[in-house]
Each structure stands twice: as C-alpha cells, then as structure tokens.
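**Q** Take a look at the following structure, please.
The values are calculated or read from the model by the stated rules, or taken from the named source; none is laboratory data. Everything numeric here is computed off the predicted structure, so don't read it as measured data. Positions of Cβ are generated from backbone atoms using ideal geometry, with glycine treated the same way; all protein chains shown enter the neighbour counts.
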Amino acid sequence: MNELVRRGTRGLLRDMNNSRVLQIIQAHGPISRAEIAKIGDLQPPTVTAIVNDFLRVDLVRETDLVRDNGNGSAAIGRRPILLCLNQTAAFAVGVKLRQHGMTIAVTDLGGTIVYRSESVLPNHTPDEALRFIADRVENAIEVAAINSTKVIGLGIGMPGIVDYRNGVCCFSPLLEWEGVHVTSTLESILGMPAYADNDVNMLTAAEIAYGAGREVSDFLTVTVGQGIGLGIVLRGEIFRGAAGGAGEFGHVKIESDLLCECGARGCLEAVASDVGISQQVAAAKHLSSIDIIEALELARAGDREVLAIVEHAGEVLGRSVGNLLNLFNPELVIVTGEGTRAGDLLFAPMRRALEGAAFGTLGRDTHLVIQSWGDEAWARGAASIVVHEMLKPPIYEARSAGPLVHLLARSIHGGTT
Ligand SMILES: [Zn+2]
C-alpha cells in the first residue's frame, strides 16, 4: 500500500516551509535569515515570519556568533544575526517495552537524557498495559519538571512486528500482543503525537540521529541479546518492509534443528542469542537452565564444551551477517545489544566466519563496529524517532499532526492539535 501524499493546501505549504526552515537551521546553524532564504529557496518575509514563530517558542535562538562571509562585507554595514537550534527547547519521551518491564527516557532535541525510569510491566490486557504506560509517561514528565507543552511526542519501541505507519503492534510473542492499536490509544490519553516501532528500528533511529550512522546513508544495526534483530537503513531511511516485519534476522533459517522461542526449528536465534546459547549449555551440562552470565563464566574458565558452543554461535552469527553484506552491501555494520558482553568469545569467531561468507571484497570494504548499549540506549532511540519525525518533511497523510505542528500549536496558540 502506497503512502498518500497530502493535498496541496495552504496548510501543507505552511507545514512544509516550517519544516524546511527548521531542517536548514539544524543542519547549517548558526546561520543567518538571508542564508536560510537562499538555501531553502524561500522569500525573505516567509523566513522572517517562520523564524519569529520559532523564536517565540524558543526553538531557535539568536547567537552572538558572527560569521565572516569571506569577502570582507561583514566588516561593512550590519553583521547578520545568526540563528541556531535550541536543543533544550523541547523534549521527546521514549519508551522501550520488554517482556515484563519498560524503560522510559526523556530527552532533549539533541538526544541528551534528562530523566529516566524503570518500571515493571504488570501482566494485564494490552489495554490495561497501555493505560499503565501512559500513566508512567505522565509521571516521568512531571518528575522531570518539564512543561508539558514542550513535549513534542512519544516514541515506543517493542519486540515483534509493528506497523509503524498505523501504530499497530501486529505480532509480539514476547508481549503476547496481536493487532494492538498502540499509538491511537496513547495519543488519545496523552494528547501528543505517538510513534510505535520495532525496538531494533528505534535503536537504529538513534544511530541515524546521534550515532555512528550519522555519517553514512546505508548501514545495518545487528542486535544480539535475548533475541537477534536487525535494523536496515537504506539511503538514510529505515526500511521496514511491506508490513513492518523487515529485519526479523533472528528467524532466518540456518542448518540446525534447535527449537526457537518462536516455535520453529533452525532459527539463527536458537543457536546464537543469549537464550539460545544458555539453552545449549544447559542441555550439555544436564541442567534445567543456566543464566547467560554463568554460561559465559564457564567459557572464560576454559570449559571446552561451553567454549565450543559459544564459538559455534559466533561462527553461525558471522556467516549470517556475511549473508547480509552480500544482500545489502552496507558501508557500516553496528553490532550492539546486551549480547556484546560475550566479547571476543563470540566476536572473534564471528569476524572470521563473516570474512569467509562475504562475497569478494564485500567483507573487506564494510566497516564493523561492536558497541555495548543498555536499556537506556533503547529508550533514547525511541525518543529519537520523535525528533526524526519532527525534522521530516510533512508531505504524507498522517494519523495526526506531527511533532513540529503539535509544538507550535500548543506553545503559540495554546490549543491542542
Ligand atoms: Zn524463530
């Protein structure tokens, strides 16, 4: 289904110009009004009016900085006042849902976390869970002492298949959710734009906004931990597939008959995730279960059986990531998630297998980064998707007004969107 482009009304033109001016200030600031008009191909009075609105809500600030334009003209006549984005003018809320808990992070526009909290997610119906989440979000905003008119929206990341455009969690075995209308419920309770996405995509959004992905347009984020996930960025945008299911990397099939948590056999996750490794170690040691941290301790202590399991997991992961290089030819692969605590036990065999599996020069030309991130990074990622939406041209029909329209309406007109 194609996205519907908005009708060419005056409202669209206004939203487009607002977005364009904000993007230019974010990308090129400190910048003068005249330069904005030039880069944006906009009339100077249009730029002045938009900038005035932004100044009123403190979204941009005039700086004392002066830029010499190189031909000495700055020395003659009035030097232009430069504008830059005020990163602390507005805030976004990010929620990372796990099977039995959630992390909330409140960030400013620059991705700096100003508040975070952890909550246990009560075992209730999806509707009750969403009410609980909304209640925790309201509490977070209150405790963080942020004026609610300065909150531009909420991003919520969860494991499973999520229809981003419609804000529906289609299928999440971990949460036991199916067809849950996440964003419409949260928007109606909280009165702010909400975005729901697969959690790995949220983490990937943070890489686009603030991380290693800022400088590259085609990259992959592979997460290892309880499961194995994949975020795909093509030409600077997250690729979600037809129904939001793209990147279910943990469930690609490999040569194995191990049972996956999804119910199928032969999934990558059943061999190489923390859960998969723990289960194999438990079986080898005739235990009912073993924690991944204890399993890794056995490997570090030199237990050959456990070492062989972790090494095999690394090899299989490396071959599978090598297949991704063959499919996408990314410039960069970021491997992250709590599974990175396995360190070289997992990643030395992974790197070897990856080089063997990549076609020709593809392995050599791809930059591989392994970084450890916790739940805070996931929640920060969820917030970053709201900032990403604020800076995106508002050309498509959406369920509700975007974060920028919301902020301007609440702050300037005092109304609701
Ligand atoms: Zn599976």
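Quick grid of which residues meet (1) among the aromatic types (Phe, Trp, Tyr); (2) near the ligand (Cβ under 10 Å from one of its atoms); (3) in a strand (DSSP E or B):
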residue	(1), (2), (3)
SER217	no, no, no
THR223	no, no, yes
GLN226	no, no, no
GLY229	no, no, yes
GLY244	no, no, no
GLY247	no, no, no
GLY263	no, yes, no
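**Q** List the number of the failed condition for ALA308; all other conditions in (1) of a type in the set (Gly, Ala, Ser); (2) part of a loop (DSSP other than H, G, I, E, B); (3) more than 16 Å from the ligand (Cβ to nearest atom) hold.
**A** (2)
The rows are residues; the columns are (1) touching a strand residue (DSSP E or B) at 6+ places or on another chain (Cβ under 6 Å); (2) over 30 Å from LEU4 (Cα atoms).
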residue: GLU118; (1), (2): yes, yes
residue: PRO122; (1), (2): no, yes
residue: ASN139; (1), (2): no, yes
residue: SER148; (1), (2): no, yes
residue: VAL151; (1), (2): yes, no
residue: ASP163; (1), (2): yes, no
residue: ASN198; (1), (2): yes, no
residue: ALA212; (1), (2): yes, yes
residue: GLY227; (1), (2): no, yes
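**Q** Still on this structure: Check ARG240 against each of (1) away from the ligand (no atom under 15 Å from the Cβ); (2) crowded, with 24+ Cβ neighbours inside 10 Å and name the one condition it does not meet.
**A** (2) is the only condition that ARG240 fails.
**Q** Right, something else. Scan the stretch 269-276 and tell me whether some residue there is closer than 24 Å to THR336 by Cβ and either away from the ligand (no atom under 15 Å from the Cβ) or in contact with a Lys or Arg (Cβ under 8 Å, 6 or more places away or on another chain) (or both).
**A** Initially, the stretch 269-276 is screened for residues closer than 24 Å to THR336 by Cβ, giving 269-276.
In the following step, the residues that additionally are either away from the ligand (no atom under 15 Å from the Cβ) or in contact with a Lys or Arg (Cβ under 8 Å, 6 or more places away or on another chain) (or both) were identified as none.
The answer is no, given that none of the residues of the stretch 269-276 is closer than 24 Å to THR336 by Cβ and either away from the ligand (no atom under 15 Å from the Cβ) or in contact with a Lys or Arg (Cβ under 8 Å, 6 or more places away or on another chain) (or both).
**Q** Quick check on ASP197: is it of a type in the set (Asp, Glu) and touching a Lys or Arg at 6+ places or on another chain (Cβ under 6 Å)? Steps first, please.
**A** Working: of a type in the set (Asp, Glu): yes; touching a Lys or Arg at 6+ places or on another chain (Cβ under 6 Å): no.
The answer is no for ASP197.
**Q** To continue, here is another question. Quickly run through the stretch 105-126 and pick out the residues that are touching a Lys or Arg at 6+ places or on another chain (Cβ under 8 Å), over 18 Å from ASN198 (Cβ atoms) and aliphatic (A, V, I, L, M).
**A** Listed by number, the residues that qualify are VAL106, ILE113.
**Q** GLU187 is checked against (1) more than 16 Å from the ligand (Cβ to nearest atom); (2) over 25 Å from LYS392 (Cβ atoms); (3) surrounded by 20 or more Cβ atoms within 10 Å (Cβ to Cβ); (4) among the acidic types (Asp, Glu) and fails just one. What number does that condition carry?
**A** Evaluating GLU187 over (1) more than 16 Å from the ligand (Cβ to nearest atom); (2) over 25 Å from LYS392 (Cβ atoms); (3) surrounded by 20 or more Cβ atoms within 10 Å (Cβ to Cβ); (4) among the acidic types (Asp, Glu) leaves (2) as the failure.
**Q** Additional query: Is there a residue in the stretch 247-255 that is over 23 Å from ASP199 (Cα atoms) and crowded, with 16+ Cβ neighbours inside 10 Å?
**A** Yes, the stretch 247-255 has at least one match.
**Q** Given (1) out of contact with any Leu (no Cβ under 8 Å at 6 or more places or on another chain); (2) farther than 30 Å from GLY241 by Cα, identify the lone condition not met by ARG33.
**A** Going through (1) out of contact with any Leu (no Cβ under 8 Å at 6 or more places or on another chain); (2) farther than 30 Å from GLY241 by Cα one by one, ARG33 breaks only (1).
**Q** Let me ask you something else. In the stretch 279-291, is there at least one residue being part of a strand (DSSP E or B), assigned by TED's automatic domain parsing to the domain that holds PHE347 and touching a residue at least 24 places away in the same chain (Cβ under 8 Å)?
**A** no
**Q** At pLDDT below 90, over 23 Å from the mean Cα position of the chain (by Cα) and not in a strand (DSSP E or B): which single residue out of ALA74, ALA37 fits that description?
**A** Only one candidate qualifies: ALA74.
**Q** I'm trying to understand the selection: among the residues of the stretch 351-406, which are within 26 Å of ASN329 (Cα to Cα) and of a type in the set (S, T, N, Q)?
**A** THR361, THR366, GLN371, SER372, SER384
**Q** What do you reckon, is PHE359 in a loop (DSSP other than H, G, I, E, B), in contact with a helix residue (DSSP H, G or I) (Cβ under 9 Å, 6 or more places away or on another chain), of a type outside the set (Gly, Ala, Ser) and touching a residue at least 24 places away in the same chain (Cβ under 8 Å)?
**A** For PHE359, the condition - in a loop (DSSP other than H, G, I, E, B), in contact with a helix residue (DSSP H, G or I) (Cβ under 9 Å, 6 or more places away or on another chain), of a type outside the set (Gly, Ala, Ser) and touching a residue at least 24 places away in the same chain (Cβ under 8 Å) - is met.
**Q** Another question, then. For the stretch 114-143, how many residues are surrounded by fewer than 17 Cβ atoms within 10 Å (Cβ to Cβ) and hydrophobic (A, V, I, L, M, F, W, C)?
**A** Going through the stretch 114-143 one residue at a time, the tally reaches 5.
**Q** Still on this structure, I have one more. Output the residues belonging to the stretch 152-182 that are among the β-branched types (Val, Ile, Thr) and over 14 Å from the mean Cα position of the chain (by Cα).
**A** Going through the stretch 152-182, the residues among the β-branched types (Val, Ile, Thr) turn out to be 152, 156, 161-162, 168, 180, 182.
Listed by number, the residues that qualify are ILE152, ILE161, VAL168, VAL180, VAL182.
**Q** Could you check how many residues of the stretch 89-137 are without any contact (Cβ under 8 Å) to a residue 24 or more places away in the chain and polar (S, T, N, Q)?
**A** Summing the residues that are without any contact (Cβ under 8 Å) to a residue 24 or more places away in the chain and polar (S, T, N, Q) in the stretch 89-137 gives 3.
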